[in-house]
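> Sharing a structure, written as structure tokens. Questions coming.
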Amino acid sequence: CHLIHYLRLSHHLIVLNYVIHTFDKLKFVSSEDINITDAVFDGVEVRVFEPPAKGDERLKRSVVYIHGGGWALASARTSLYNNLCRIVAESLNAVVVSVEYRLVPEVCFPEQFHDALRATKHFLQPDVLAEYSVDPNRIAISGDSAGGNLAAAVCQQLSKDEHLTIKPKLQALIYPVLQAFDFNTPSYQQNMNMPVLPRYVMINYWIDYFNANYDLAHSLLINNHTALDVGQALSFRGRLNWTSLLPSSFKKNYKPVIQTTGKAEIIQEIPALLDVRAGPLLAENETLQLQPKTYILTCENDVLRDDGVMYAKRLQNAGVEVTLDHFDDCFHGCMIFTVWPTDFSAGIQTRNSYIKWLDENL
């Protein structure tokens, strides 16, 4: 893919997605247990997983799920996410709506956010919930990685929408990516070369999401975009101060990387770096106070670990009830790896813990 990108034969993410789908020719079929259908919610494709009615039960709980993949890869229709959503639907006896948002490079920020928001708001309409026999008081919004980013951003937007009569009861974020402000948090330093999601790969995902120039990668890596002389970043610095937001067990002996002199033109070129719709961790306390009961799953061997831990702490400080579910021996992306030949114990362990929390709280 890097060769394809270098030779400009095609966008490397198009090639990578083609490879993923070539090896994943899933022909979905509805079973007696779960009815699987594809639909369009306000112009956005979704896949809906519906368990059969049980006894005299009238209404079911529901989960809106947003898949990961760096805003650029995977699909609600791939076997990994199809399997995850089917198991969630079965385990919770819940209607699961998996959002098929458009990907980079077809669209870039903020279109993925808009797709996820439109699909979710459509589903939250009383007549649509009634169509799927969903209890309006028992709906969660959830997602993993980049999907966790979108889920958190959508949840923040919904919480501020005064015209919305039905809002999520819960949000459940799986190793979410929540900020592009500091690429030198302890987890970014500790796991910079960790397989699955090294630091440079995560930075490249951000660059692709913002349709920016790869030449800026090194400046982002050393936090030139949020140096002390970059005025636009000053108001956000306290919201992402990991020296006060992380426990000592996560901080270890790592030191903050704060440049005295940086490049303000990076923010001018990519203003989305400081947009709360891209970085929900940047949100002000007034918005965080409006968030529903929250579950955040983090993994030790993950550059994004501290994003989730800092968000949990900020939400708690804002008065939100939060469960931080941390796994010392797991890695980024592990939850979807539960199907042969990538059926890892880490995937089963994290998935079971996630479903257990939803079952107890939704």
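The values are calculated or read from the model by the stated rules, or taken from the named source; none is laboratory data. Every value quoted in this text rests on a predicted model; they were computed, and no experiment measured them. A quick note on method: Cβ atoms are made from the backbone with ideal geometry, for glycine too, and the neighbour counts reach across all protein chains shown. All accessible areas refer to the heavy atoms of the entire protein, side chains included, with ligands and DNA or RNA removed. Shrake-Rupley method; radii C 1.70, N 1.55, O 1.52, S 1.80 Å.
> Tally up the residues in the range 263-310 that are open to solvent by less than 10 Å² (accessible area, probe 1.4 Å), within 17 Å of Asn241 (Cβ to Cβ) and not small (Gly, Ala, Ser), please.
Going through the range 263-310 one residue at a time, the tally reaches 9.
> Right, something else. In this structure, is Leu164 more than 19 Å from the chain's Cα centre (by Cα), in a helix (DSSP H, G or I) and touching a residue at least 12 places away in the same chain (Cβ under 8 Å)?
no
> Let me ask something additional. Name the pairs: first residue in the range 331-360 and under 14 Å from Ser142 (Cα atoms) and of a type in the set (Asp, Glu), second residue at pLDDT 95 or above and open to solvent by less than 30 Å² (accessible area, probe 1.4 Å), Cβ to Cβ under 7 Å, at least 6 apart or on different chains?
Asp359/Leu92
> Looking at the range 185-196, which of its residues are open to solvent by 10 Å² or more (accessible area, probe 1.4 Å) and either free of Cβ contacts under 8 Å to residues at least 24 places away in the same chain or polar (S, T, N, Q) (or both)?
Answer for the range 185-196, where residues must be open to solvent by 10 Å² or more (accessible area, probe 1.4 Å) and either free of Cβ contacts under 8 Å to residues at least 24 places away in the same chain or polar (S, T, N, Q) (or both): Gln189, Gln190, Asn193.
> Follow-up question, since we're still on this one. Give the residues of the range 84-99 that are open to solvent by less than 10 Å² (accessible area, probe 1.4 Å) and not polar (S, T, N, Q), sorted by residue number.
Leu84, Cys85, Val88, Ala89, Leu92, Ala94, Val95, Val96, Val97, Val99
> Can you tell me which residue in the range 100-121 is nearest to Gly43 (Cα to Cα), limited to those that are open to solvent by 40 Å² or more (accessible area, probe 1.4 Å) and at pLDDT 95 or above?
Looking at the filtered set, the residue picked out is Arg118.
> While we're on this one: Within the range 67-100, which residues are assigned to a loop (DSSP other than H, G, I, E, B) and of a type in the set (Ser, Thr, Tyr)?
If the condition is that a residue be assigned to a loop (DSSP other than H, G, I, E, B) and of a type in the set (Ser, Thr, Tyr), then Ser75, Thr78 are the ones that fit.
> Something else about it: Answer yes or no: is there a residue in the range 318-340 that is in contact with a helix residue (DSSP H, G or I) (Cβ under 8 Å, 6 or more places away or on another chain), farther than 25 Å from Val88 by Cα and at pLDDT 95 or above.
Yes, the conditions are met somewhere in the range 318-340.
> With the requirement that a residue be over 18 Å from Ala94 (Cβ atoms) and among the acidic types (Asp, Glu), what does the range 113-137 give you?
Asp115, Asp127
> Continuing with the same structure: Taking Thr243 as the residue in question, decide whether it is open to solvent by 10 Å² or more (accessible area, probe 1.4 Å) and farther than 28 Å from Gly147 by Cα.
No, not satisfied.
> Mind checking whether some residue in the range 248-262 is farther than 27 Å from Asn361 by Cα and buried (at least 20 other Cβ atoms within 10 Å of the Cβ)?
There is at least one residue in the range 248-262 that is farther than 27 Å from Asn361 by Cα and buried (at least 20 other Cβ atoms within 10 Å of the Cβ).
> Among the residues that make up the range 257-264, is at least one of them touching a Pro at 6+ places or on another chain (Cβ under 8 Å) and either in a loop (DSSP other than H, G, I, E, B) or over 30 Å from Lys167 (Cβ atoms) (or both)?
The answer is no; no qualifying residue exists.
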